[in-house]
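Colleague: Supplied in structure tokens, the structure appears directly below.
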Amino acid sequence: MRQSQLFTKTRKEAPKDEVSKNAELLIRGGFVHKEMAGVYSYLPLGLRVIKNIEQIIREEMNEIGGIEMKTSILQNKEIWEKTNRWDDAVVDNWFKSKLKNGGEVGLSFTNEEAYSNILKQYVSSYKDLPVYPYDFKEIFRNEVRTKSGIMRGREFYWKALYSFSKDESEHNAFYEKAKVAYQNIFKRVGIGHLTYETFASGGVFSKFSHEFQTVTPVGEDTIYLDEKSGVAINKEVLNDEVLKSLGLDREKLVEQKAIEVGNIFSLGTRFAEPFDLNYKNENGEEQLVIMGSYGIGLGRLMGTIVEVLSDENGIVWPKSIAPFRAHLVLLGSNDEAKDLAEKTYKKLIQEGIEVFFDDRDVRAGEKFADSDLIGIPTRIIVGDKTVENSSFEIKDRASGEVSQKTLEELISELK
Ligand code: ATP
Ligand code: MG
């Protein structure tokens, strides 16, 4: 993409009411637009990052047997009454609306009811199980606090997978696989080293759920971390009995602020019961289906990555999710340099490399500042010297390292 054709521009300042670093940098870089508190639009650069994150999650979900689908956002009151989750006195963050011809609808704040209701239509025998459907979807929650930028939205984009298993042991085996898939996701998006699988509050059917918590001072949660074993516990569930049941020593735990980037839950028969979601086993006996839920907020994940990986000059995207792999920056207005930059741009595209081409007629200082802010992993400079030496000056955004490379060397590195 040519930078001259991108309608978004970088900004020196973020809106005054924006207090979080992630939203400040993402707004200044032209990744997101703030519509109102807790509601953001994704601009072309931001959407490219979200799509890359989405693809990594999709690959890891498919790897463990996930099947992608799409549930509706408008939700039927009756199905939520079955589980006693329609009433505002029970669920305090609904967005609801009235239909013109009478009746009410809700905007999805989660997906258990929708999936249980759909699966009820298709599951009747042990032969139909297990199944692992999932979707990427806009979720709506009437959150009270929205100070964390895109990490806490009133409208946000998530992935939710639901597991439908025949029994506890089949469920547990999948649950363990899902943990590994989650660890892979956080590694692949560049925050594996800061993200801990954390014991968190469970529900009626399980003592714990597992959160994936990324350590950062701006986190809204508090976790206690045993640095040696990597075991972490959410403050919500920390007590002597829990510490004892895991072999953990309260002295040795380190308190950390963290942000919950993902959460996986064993649901038992909490939803299968009200929906009569059962199947006939091999002996012809009716059994309730055992469910689990597995969520990740994509916007929250993107915001967290910005929080933990940016520096004083801007965002530092990991290669796996960067909006582009390389930022080709043309300096000066010399015709030969211009020609070389155009040729290089075309060649890189031909080689299948995603490249952002700063072909604008602006000062070098402005180009460098924008390039640092936008945070593409590799910067390629084309100027008069490039023409003379027939080698490009390359700058690595993360390390700041500068090197000289021929076109061939550059292509083999970027591919
Ligand atoms: P929190 O405790 O932070 O409010 P939650 O436990 O209510 O989150 P879940 O219902 O577990 O959230 O949702 C699954 C995932 O969706 C979370 O792990 C998080 O990544 C993401 N998520 C939840 N709420 C939001 C939000 N308001 N904005 C962005 N992402 C969110
Ligand atoms: Mg949660």
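Any read-out appearing in this document is the output of simple, stated calculations on the displayed coordinates, not a laboratory observation. This structure is a prediction, so every number in the text was calculated from the model and none was measured. Positions of Cβ are backbone-derived with ideal geometry, glycine not excepted, and every protein chain shown enters the neighbour counts.
Colleague: How much FRET efficiency would the formula 1/(1 + (r/R0)^6) give for Ile73 and Val180, where r is the Cβ-Cβ distance and R0 is 30 Å, rounded to 0.05?
Modeller: Between Ile73 and Val180 the formula returns 0.50.
Colleague: Tell me, rounded to the nearest percent, the portion of alpha carbon pairs in the chain spaced more than 26 Å apart.
Modeller: 61 percent
Colleague: Sticking with this one: Just the Kirkwood number for the stretch 326-414, please: inverse of mean 1/r across all distinct Cα pairs, in Å, one decimal.
Modeller: 12.9 Å
Colleague: So how far apart, in nm, are the two label points at Glu13 and Asn93 if each is 7 Å from Cα heading toward Cβ?
Modeller: It works out to 3.2 nm between the two label points.
Colleague: Something else about it: What longest region of the chain stays clear of chymotrypsin sites (Phe, Trp or Tyr not before Pro) that DSSP places outside H, G, I, E and B and that have at most 11 other Cβ atoms within 10 Å?
Modeller: Longest site-free region, per DSSP loop and neighbour criteria: 123-415.
Colleague: I would also like to ask the following. Once you sort the root eigenvalues of the Cα gyration tensor of the stretch 247-286 as a ≥ b ≥ c, which label holds: rounded (a/c under 1.5), prolate (a/b larger than b/c) or oblate (the other case)?
Modeller: It is prolate, given that a/c is not under 1.5 and a/b is the larger ratio.
Colleague: Could you give the length gained on full extension between Glu273 and Glu236, defined as 0.36 nm per residue of separation minus the Cα-Cα distance, in nm?
Modeller: Extra length available between Glu273 and Glu236 comes to 10.6 nm.
Colleague: Right, something else. Cα extents of the stretch 209-288 along the three principal axes, largest first, in whole Å?
Modeller: Sorted from largest, the Cα extents of the stretch 209-288 read 53, 28, 18 Å.
Colleague: Right, here's the next one. Which value in nm describes the separation of the simple spin-label points at Asn172 and His193, placed 7 Å from the Cα toward the beta carbon?
Modeller: Output for this residue pair reads 3.5 nm.
Colleague: Any idea what diffusion coefficient the stretch 138-233 gets from Stokes-Einstein, in µm²/s, Kirkwood Rh on alpha carbon pairs, 37 °C, 0.692 mPa s?
Modeller: 212 µm²/s
Colleague: Under 15 Å from the Cβ of Ser209, count the other residues' Cβ atoms, weight Lys and Arg +1, Asp and Glu -1, and hand me the total.
Modeller: Computed value for this residue: -3.
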